[in-house]
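Each remark here refers to the structure printed beneath this line.
The values are calculated or read from the model by the stated rules, or taken from the named source; none is laboratory data. All figures in this text were calculated on a predicted structure; none of them were measured in a lab. Here the Cβ positions follow ideal geometry from the backbone for every residue, glycine too, while neighbour counts run over all protein chains shown.
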Amino acid sequence: MKNQPIFKKILLALSAVGPGLFLIGYNIGTGSVTTMAKTGAEYGMGLFWALILSCIFTYILMVAYGKVTLVTGKTALFNIKSEFRYGWALSLYIIIALIIGELLALVGVMGIVADLVQEGIRLAFDGRIVNTFWIILCFVILLFFLLWYGRYQTFEKILTALVVLMGLSFLVVFVMVKPSFSSLIDGIVPRI
């Protein structure tokens, strides 16, 4: 291991934590990113305590659901369905809510990504404008082939890379904003 170049060591470390980063990708989505950015712009570090609290609750739920799945060998949704009275109704509600939420989020994300790519193309190619329809069509075809022909490992690697990029973006913005230590400490105190 000592003779390996630094790049290989970094890749080895990322492959060890890859599944964890994959799970973080499920919890931190575009809704979280846009909400946190908007809230940070409006309230500064005043709601830092809420961010810390949400991280604690997310960690507790991820560990709890992971342990339940390991112990029972069943998913949390299946356990709700089979262990609670009227659990089937609650499970059905959860499934429908997740499907509707994910479809709406997907539409929103695709719109945001198409606008960002369109702006990137405009900046990179001297004002050239590409219709968002064609951008979305390219992404749909790319996603179709990724999901149709891809393997779980490929999908996990892509999502892990995107989550690492998102995390690095958060850190870069944090360094660029340069919040004072006193505002960080003040933001830990709960208040609205």
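Sort through F181, F133 and tell me the only one that's aromatic (F, W, Y) and closer than 30 Å to F48 by Cβ. Show your work before the answer.
Values: F133 fails: closer than 30 Å to F48 by Cβ.
Step by step, each of F181, F133 is checked, and only F181 is aromatic (F, W, Y) and closer than 30 Å to F48 by Cβ.
Does R122 satisfy the criteria of being without any contact (Cβ under 8 Å) to a residue 12 or more places away in the chain, in a loop (DSSP other than H, G, I, E, B) and exposed (fewer than 14 other Cβ atoms within 10 Å of the Cβ)?
Details: without any contact (Cβ under 8 Å) to a residue 12 or more places away in the chain: yes; in a loop (DSSP other than H, G, I, E, B): no; exposed (fewer than 14 other Cβ atoms within 10 Å of the Cβ): yes.
Criteria not met by R122.
Of the numbered conditions (1) assigned to a helix (DSSP H, G or I); (2) surrounded by 10 or more Cβ atoms within 10 Å (Cβ to Cβ), I129 satisfies every one except a single condition; which is it?
(1)
Checking V33 against (1) modelled with pLDDT of 80 or more; (2) among the aliphatic types (A, V, I, L, M); (3) surrounded by 14 or more Cβ atoms within 10 Å (Cβ to Cβ), which single condition isn't satisfied?
Only one criterion is unmet by V33, namely (1).
Which of the residues belonging to the range 157-192 are loosely packed, with under 11 Cβ neighbours inside 10 Å, in a helix (DSSP H, G or I) and not aliphatic (A, V, I, L, M)?
Correct list: F181, S182.
Looking at the range 73-111 only, could you name the residues that are closer than 29 Å to I136 by Cβ and not β-branched (V, I, T)?
A97, L98, G101, E102, L103, L104, A105, L106, G108, M110, G111
Please go through the range 57-85 and pick out each residue that is exposed (fewer than 10 other Cβ atoms within 10 Å of the Cβ) and either at positive phi or of a type in the set (A, V, I, L, M) (or both).
Those that are exposed (fewer than 10 other Cβ atoms within 10 Å of the Cβ) and either at positive phi or of a type in the set (A, V, I, L, M) (or both): L70, V71, G73.
Filter the range 47-64 for residues that are polar (S, T, N, Q) and in contact (Cβ under 8 Å) with a residue 12 or more places away in the chain and give the result.
Of everything in the range 47-64, just one residue is polar (S, T, N, Q) and in contact (Cβ under 8 Å) with a residue 12 or more places away in the chain, namely T58.
Just checking, which of V113, V130 is among the aliphatic types (A, V, I, L, M) and closer than 20 Å to L159 by Cβ?
Working: V130 fails: closer than 20 Å to L159 by Cβ.
The match here is V113.
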